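First the structure, in the form of structure tokens, and then the observations on it.
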Amino acid sequence: MYMFLPADRSDEVDLKKTYDAIVVGSGAAGGMAAHVLTSHGMQVLLLEAGKKLNINRELKSMEWPYEHLRRGDMPPDSHALSGREYTIRQPPYAQGSAYKHVYSYILDGNGSDYAKNIVVDEKDHPYTGTQYAWVRARCLGGKTNIWGRLALRLSDYDFKAASRDGYGEDWPISYADIQPYYDKVDLYLGISGHKENLPYLPDSLFQRAVRLNPAEVKFRESLAKMGRVLTPYRAGVTTDGLKHNKYRSRCYGRGACDRRVGGCDIHAAFDSPTGLIYPALDTGNLTLRTNSTVFEVTVDKDTGKASGVSFIDTETGKTYAAKGRAVLLGASTLESARLMLLSKSTLYPNGIGNSSAHVGHNFCEHLMGPGVNGLVKELVGKPRTLDDGRPGSFYVARYRNLSDRNSRFLRGYGFEGGSGTGIFPDSASMPGFGSAYKKTVRDYAGAFIGMGGFGEVLPRYENYVDLDPELRDRWGIPALRFHIKFGDNEKKMAEDMADSAREMFEAAGIEVLGVNREILTEGYSIHELGTARMGTDPKKSVVNQFQQSHDVKNLLVVDGSTHVSASCQNPTWTIMALCWRSCDHLAQEMKAGNV
């Protein structure tokens, strides 16, 4: 298919050449950096630690469960960590396992075989310290190949949160600074949604919205009476198509979006390769090298600037060096912090860009777990709706600590939820046998509704990662060590999430079948942020508002590391908008001779 980039389209790396920029990582941040810098005519080298996969052949979203040898499950020598394993064991979680391959919890569910080559084998990629559910994907495009697709904007309720409640630091930007770049991301990549005119959840430039089904409409109408907003899922999906991108198709609601691990093999949902990298390659300005694990940002001892990177060929184990006028880290929040800490020299003994001693610190994310499941009784026995193939269902916007102050906790949370008839109906777990059982399953299939919360985790200096002094990964690179725990604010917020979820279902006349109050293990949201935060004070931050190192002016960190706080909105769209803004600025500064 034309949507897959043939192997021979990747250029051989000329290691004698000095590139205008070297980009580390090919996910949302790295892909965006490659797109923007090549559009400015810069010669860019993009290094990805993992391999280049034919994602279409991996995901097989049109394959029925009965067509797969194990109905989508992995081979018996492979194991996905369960949620409970993270709570009763300590990392490294794969150590001593009898299984040949061990994967993170993200594969603990139906369809795991379709993503086993996308996520990392925990045996090759160990980490230590406190309990943490770390989901990683090492392949071209990273986690954008399987992300959840919720694409939300932040507002000044988030950027200026410290001024509102007195906790932490404000971001050194406002919504007005990033709004034009949110617009650029919307138009270039496509986003589905419905305008709500909420100051705390700004609207995007939406394409056609996901259609709510009867249960969701009922819930939306009830919430409106409470002054709360349920909106159709704001998906990073092109529902109307993109005329400027030949590698992507519009969404036509065809199937396996709701597998345990997502992914879109028609590329209606954004992924970095088809959305950003392949078009960048078409400019002739991008050189791509996969299987390239960067382990050091090298330094010019005379100028103190970054001179390039050193990397290991992931397959052969050979070590190489590449030279660049600028280096941009987009390896993901935790991996970029790890790389900065690894990059020690006589000039930067604590790691490159770490004069503030804040690299690895001020970690923040989203807590998950609390939620509710219910039954809309009047829909039992009614005609079923077709809900497979929707890229998402609904989102309940934040309502805490906006105009009124909650006395128990700071900041807020939102809910993601859904209802309707899917390929694996919730009613299939009901008791029964034979024709009566089948009728019950069909009658109840579209009547269930559920939602789970995503709450803001406050950044704290004492929540951090560093390098383990002993443990190394498969390639001999020091592993990360975690020192991360939820605090009292998160625990009190979680209690309110569960209570509030029940209250909203009951107010809507939805029979509550269960309320979950348990907080999932740190890291479960996959929204890790904040280990190299931006700021105006070099003593308390790592980069400036353009994600440029305070210490090394030609080093940029363009992923979630630089977020000052997590908000309660999913971060992918903000990561890309910030990266676009920073890369525009870098191109201007390099043209002016300032970098």
- Over segment 265-303, the set of residues among the small types (Gly, Ala, Ser) and in contact with an Asp or Glu (Cβ under 8 Å, 6 or more places away or on another chain) is SER292
- Query: Can you tell me which residues in segment 75-93 are more than 23 Å from the chain's Cα centre (by Cα) and open to solvent by less than 20 Å² (accessible area, probe 1.4 Å)?
  - Reply: SER78
- Task: Given the conditions (1) closer than 30 Å to PHE546 by Cβ; (2) in contact (Cβ under 8 Å) with a residue 60 or more places away in the chain, report the number of the one that VAL372 does not fulfil.
- Result: (1)
- Message: Can you list residue pairs whose Cβ atoms sit under 9 Å apart, with the first residue in segment 175-200 being on the phi > 0 side of the Ramachandran plot and the second being part of a helix (DSSP H, G or I)? Count only pairs 6 or more apart in sequence or on different chains.
- Response: GLY190/GLY275
- Note on the structure: Flagged in segment 362-374 as over 17 Å from TRP134 (Cβ atoms) and buried (at least 24 other Cβ atoms within 10 Å of the Cβ), in numbering order, are ASN362, PRO370, VAL372, GLY374
- Could you please find all residues in segment 527-575 being within 15 Å of ILE173 (Cβ to Cβ) and among the hydroxyl-bearing types (Ser, Thr, Tyr)? THR536, SER541, THR562, SER565, SER567, THR574
- Message: Filter segment 504-523 down to the residues that are in a loop (DSSP other than H, G, I, E, B) and within 30 Å of ASN463 (Cβ to Cβ) and list them by number.
- Response: ARG517, GLU518, ILE519, LEU520, THR521, GLU522, GLY523
- Message: Based on this model, can you work out whether ALA566 counts as within 20 Å of the chain's Cα centre (by Cα), open to solvent by less than 20 Å² (accessible area, probe 1.4 Å) and on the phi < 0 side of the Ramachandran plot?
- Response: yes
- Residue tally, condition touching a residue at least 12 places away in the same chain (Cβ under 8 Å) and open to solvent by 10 Å² or more (accessible area, probe 1.4 Å), over segment 317-328: 5
- Message: Looking only at residues that are over 25 Å from GLU169 (Cα atoms) and among the small types (Gly, Ala, Ser) in segment 329-347, which one is least open to solvent (accessible area, probe 1.4 Å)?
- Response: SER343
- Can you tell me which residues in segment 56-87 are among the hydrophobic types (A, V, I, L, M, F, W, C), touching an Asp or Glu at 6+ places or on another chain (Cβ under 6 Å) and in contact (Cβ under 8 Å) with a residue 40 or more places away in the chain? LEU59, MET74
- Matching residues in segment 199-233 - criterion: being small (Gly, Ala, Ser) and either farther than 15 Å from TYR399 by Cβ or crowded, with 23+ Cβ neighbours inside 10 Å (or both): SER204, ALA209, ALA215
- Query: Does at least one position in segment 543-556 carry a residue that is under 23 Å from PHE486 (Cβ atoms), open to solvent by 10 Å² or more (accessible area, probe 1.4 Å) and either touching a Phe, Trp or Tyr at 6+ places or on another chain (Cβ under 6 Å) or in contact (Cβ under 8 Å) with a residue 12 or more places away in the chain (or both)?
  - Reply: no
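Over 17 Å from ALA397 (Cα atoms), assigned to a loop (DSSP other than H, G, I, E, B) and open to solvent by less than 10 Å² (accessible area, probe 1.4 Å), is that true of ILE178?
No, not satisfied.
Within segment 22-44, work out how many residues are over 22 Å from THR274 (Cβ atoms) and either at pLDDT below 95 or small (Gly, Ala, Ser) (or both). Quick ask: steps written out before the conclusion?
Filtering segment 22-44 down to residues over 22 Å from THR274 (Cβ atoms) leaves 22, 41, 43.
Retained after the next criterion (residues that are either at pLDDT below 95 or small (Gly, Ala, Ser) (or both)): 41.
Residues meeting the conditions: 1.
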- Find the residue count for segment 234-267, including only residues that are open to solvent by less than 30 Å² (accessible area, probe 1.4 Å), under 25 Å from LYS184 (Cβ atoms) and over 16 Å from the mean Cα position of the chain (by Cα). 11
- Task: Answer yes if at least one residue in segment 456-475 is under 25 Å from GLU216 (Cα atoms) and out of contact with any helix residue (DSSP H, G or I) (no Cβ under 7 Å at 6 or more places or on another chain), and no otherwise.
- Result: yes
- Message: Please go through (1) open to solvent by 50 Å² or more (accessible area, probe 1.4 Å); (2) within 30 Å of LEU586 (Cα to Cα); (3) not basic (Lys, Arg) for ALA98 and return the number of the only condition it doesn't satisfy.
- Response: (2)
- Item | Odd one out for ASN350, checked against (1) closer than 24 Å to LEU37 by Cβ; (2) open to solvent by 20 Å² or more (accessible area, probe 1.4 Å) | (1)
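Let's see how each residue does on (1) surrounded by fewer than 19 Cβ atoms within 10 Å (Cβ to Cβ); (2) without any contact (Cβ under 8 Å) to a residue 24 or more places away in the chain; (3) within 21 Å of the chain's Cα centre (by Cα):
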{"position": "LEU107", "(1), (2), (3)": "no, no, yes"}
{"position": "ILE118", "(1), (2), (3)": "no, no, yes"}
{"position": "ASP124", "(1), (2), (3)": "yes, no, no"}
{"position": "CYS139", "(1), (2), (3)": "no, no, yes"}
{"position": "ALA151", "(1), (2), (3)": "no, no, yes"}
{"position": "ALA161", "(1), (2), (3)": "no, no, no"}
{"position": "ASP170", "(1), (2), (3)": "yes, no, no"}
- Note on the structure: The number of residues in segment 378-421 that are modelled with pLDDT under 95, over 30 Å from ILE266 (Cα atoms) and in contact with a Pro (Cβ under 9 Å, 6 or more places away or on another chain) is 1
- Please enumerate the residues belonging to segment 410-440 that are open to solvent by 20 Å² or more (accessible area, probe 1.4 Å) and not in a loop (DSSP other than H, G, I, E, B). GLU416, GLY418, ASP426, ALA428, SER429, GLY434, SER435, ALA436, TYR437, LYS438, LYS439, THR440
- Message: If I go through segment 441-496 residue by residue, how many of them are assigned to a loop (DSSP other than H, G, I, E, B), over 25 Å from the mean Cα position of the chain (by Cα) and buried (at least 18 other Cβ atoms within 10 Å of the Cβ)?
- Response: 3
- Task: Go through segment 234-265 and count every residue that is of a type outside the set (A, V, I, L, M) and within 26 Å of THR283 (Cβ to Cβ).
- Result: 14
- Name every residue in segment 375-401 that is over 21 Å from ALA151 (Cα atoms), open to solvent by less than 40 Å² (accessible area, probe 1.4 Å) and assigned to a loop (DSSP other than H, G, I, E, B), in order of residue number. VAL376, ASN401
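Every residue in segment 185-198 that is open to solvent by 60 Å² or more (accessible area, probe 1.4 Å) and over 19 Å from HIS267 (Cα atoms), please. First the steps, then the outcome.
We begin by selecting, within segment 185-198, every residue open to solvent by 60 Å² or more (accessible area, probe 1.4 Å); these are 187, 194-195, 197.
Listed by number, the residues that qualify are HIS194, LYS195, ASN197.
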- Run down SER356, SER407 and say which single residue is open to solvent by less than 30 Å² (accessible area, probe 1.4 Å) and part of a loop (DSSP other than H, G, I, E, B). SER356
- Among the candidates TYR200, TYR182, residue that is within 23 Å of the chain's Cα centre (by Cα) and over 30 Å from LYS246 (Cα atoms): TYR200
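The values are calculated or read from the model by the stated rules, or taken from the named source; none is laboratory data. Fair warning: this is a prediction, and the values are worked out from it, not measured in the lab. Heads up, the Cβs are rebuilt from the backbone with ideal geometry, glycines too, and the neighbour counts pull from every protein chain shown. Surface accessibility is based on the protein's heavy atoms, side chains included, excluding ligands, DNA and RNA. Shrake-Rupley method; radii C 1.70, N 1.55, O 1.52, S 1.80 Å.
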